[in-house]
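The values are calculated or read from the model by the stated rules, or taken from the named source; none is laboratory data. Since the model is a prediction, treat every value here as computed from it, not as a measurement. All Cβ positions, even for glycine, are placed from backbone atoms using ideal geometry, and neighbour counts span all protein chains on display.
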């Protein structure tokens, strides 16, 4: 989703939105910018950061978070939705393919984009929710990152009745290598430096959106 269907990192866009409405401070903006840089360089401990961030949502009403993300999407994300990404999605729709967004982001950040693009399936990191509809502050395992993303994508494939070797996967990040190596066709969109080198070495498609 990030740097492919959306040109920007949605986590950064969300913190900027929080800062604008008085829910985040300048140091939060700087922290997320640092995490984004570390992620690109492949030195970020994603699991630890995810646990820390999600812990901060303990007690948050899930419905309220859903509505807030819908508002945020319209004001801060929609202008960055990539036109070439829209076209790629539509081409798969026209072929009758199953289309899914597979992302490390939360379902709350992902659902508005899926609705916009008429994508029926999403594979995301998920937050534990209590019976009262409150976030517990814990991440459901596996996190949709690295090998965990492969696990979650495979579950969707099994549910829909296809094999990953018959799938096309679009990504910008070397962290998605486990899933890249499991699918039949790889499209490296705006790839980070390490993925670009690997894609060239293996003859994988590279596109700029």
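General remarks:
- Residue within segment 5-18 that is assigned to a loop (DSSP other than H, G, I, E, B), without any contact (Cβ under 8 Å) to a residue 60 or more places away in the chain, on the phi < 0 side of the Ramachandran plot and out of contact with any helix residue (DSSP H, G or I) (no Cβ under 8 Å at 6 or more places or on another chain) present: no
- For segment 109-123, the tally of residues that are part of a loop (DSSP other than H, G, I, E, B) and free of Cβ contacts under 8 Å to residues at least 24 places away in the same chain stands at 1.
- In segment 149-179, of all residues being in a loop (DSSP other than H, G, I, E, B) and in contact (Cβ under 8 Å) with a residue 12 or more places away in the chain, the one that is surrounded by the fewest Cβ atoms within 10 Å (Cβ to Cβ) corresponds to 162.
- Test for residue 54: is it surrounded by 13 or more Cβ atoms within 10 Å (Cβ to Cβ), modelled with pLDDT under 95 and assigned to a helix (DSSP H, G or I): no
- First in segment 35-52 and without any contact (Cβ under 8 Å) to a residue 12 or more places away in the chain and at negative phi, second anywhere and surrounded by 14 or more Cβ atoms within 10 Å (Cβ to Cβ) and in a helix (DSSP H, G or I), Cβ under 8 Å, 6 or more apart: 44/35; 44/38
- Unique match (being surrounded by fewer than 17 Cβ atoms within 10 Å (Cβ to Cβ) and in contact (Cβ under 8 Å) with a residue 24 or more places away in the chain) among 133, 104: 133
- Against the test of being modelled with pLDDT of 95 or more and surrounded by fewer than 12 Cβ atoms within 10 Å (Cβ to Cβ), the options 146, 184 yield a single qualifying residue, 184.
- Flag for residue 92 being outside any helix (DSSP H, G or I) and surrounded by fewer than 18 Cβ atoms within 10 Å (Cβ to Cβ): no
- The number of residues in segment 187-209 being surrounded by fewer than 14 Cβ atoms within 10 Å (Cβ to Cβ), in a loop (DSSP other than H, G, I, E, B) and under 20 Å from the mean Cα position of the chain (by Cα) comes to 1.
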